[in-house]
Amino acid sequence: MMEDITFRKAEITDTQRIWQIILQAKEQMRLMNSLQWQDGYPAMENITGDIENGYGYVLCRENSVIAYGAIIFDDEPAYENINGNWMTNLPYVVVHRLAVADEMKKRGIATLFMRKVEDLCRQKGIHSFRVDTNFDNVYMQKILAVLDFTYCGEIFYDKNSRRAYEKKINFYVNLQTKINT
């Protein structure tokens, strides 16, 4: 199944499908009694802004959007003040607003999205990947554990604290040694 999934920048024509996926994620969090995404965020303006700024990315299966996330290579102001310590002081990427369509959940789609972000980092020469999530978002925390992110401390948006994670991105060099015999 993973071989028929494509990763690309979101287009304005994807907006309604992305919004549907965001609403599904909000409802899932509500049903789990999570506080994340229950205060009006993200709003449609966040999604259209992501797409206009080139931050929005999607995973598609058979030309249908199945996952969405904002991939931001600019600094995240909230990350400047951490109650804890980041692993690096390097330029970094951030993923916000990651959501997977209900019919594709529990198939590794969110993990695949995050791996695609790591590939983008390698292409752009970025060695650090940062993410934050709500203290009660167990799904995201499991994904971050599987992907070897390290818990670094807490960051704050307004008065809300969030768990902050970082992963160093490895760049593998394929060295082939020619042996003369």
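The values are calculated or read from the model by the stated rules, or taken from the named source; none is laboratory data. Just so it is clear, the model here is predicted, and its values are computed rather than measured. Because the Cβ atoms are built from the backbone with ideal geometry, glycine has one as well, and the counts that use them run over all protein chains shown.
Given the condition touching a helix residue (DSSP H, G or I) at 6+ places or on another chain (Cβ under 9 Å), within 22 Å of A164 (Cβ to Cβ), part of a loop (DSSP other than H, G, I, E, B) and among the aliphatic types (A, V, I, L, M), answer yes or no: does some residue in segment 70-81 qualify? The answer is no; no qualifying residue exists.
Applying a threshold of 6 Å to beta carbon distances and a minimum spacing of six or more residues, or different chains, the list of pairs starting in segment 113-136 at a residue that is under 16 Å from G56 (Cα atoms) and of a type in the set (V, I, T) and ending at one that is in a strand (DSSP E or B) and at pLDDT 95 or above reads V117/I71; V117/V95; V131/V95; V131/Y165. Could you please let me know if I155 is in contact with a strand residue (DSSP E or B) (Cβ under 9 Å, 6 or more places away or on another chain), β-branched (V, I, T), on the phi < 0 side of the Ramachandran plot and outside any strand (DSSP E or B)? So I155 does not fit the description; no. Filtering segment 92-150 to residues that are surrounded by 17 or more Cβ atoms within 10 Å (Cβ to Cβ), part of a loop (DSSP other than H, G, I, E, B) and of a type in the set (F, W, Y) leaves only F149. Take the conditions of a type in the set (G, A, S), at pLDDT below 95 and more than 25 Å from C152 (Cα to Cα) and apply them to G40. Does it pass? So G40 fits the description; yes.
The numbered conditions (1) more than 22 Å from N170 (Cα to Cα); (2) out of contact with any Asp or Glu (no Cβ under 9 Å at 6 or more places or on another chain); (3) without any contact (Cβ under 8 Å) to a residue 60 or more places away in the chain are all true for L90 except (1).
Determine whether I66 is part of a helix (DSSP H, G or I), in contact with a helix residue (DSSP H, G or I) (Cβ under 8 Å, 6 or more places away or on another chain) and at pLDDT 95 or above. Judged against the criteria, I66 is not a match. The residues of segment 1-26 that are under 19 Å from the mean Cα position of the chain (by Cα) and among the acidic types (D, E), listed by number, are E11, D14.
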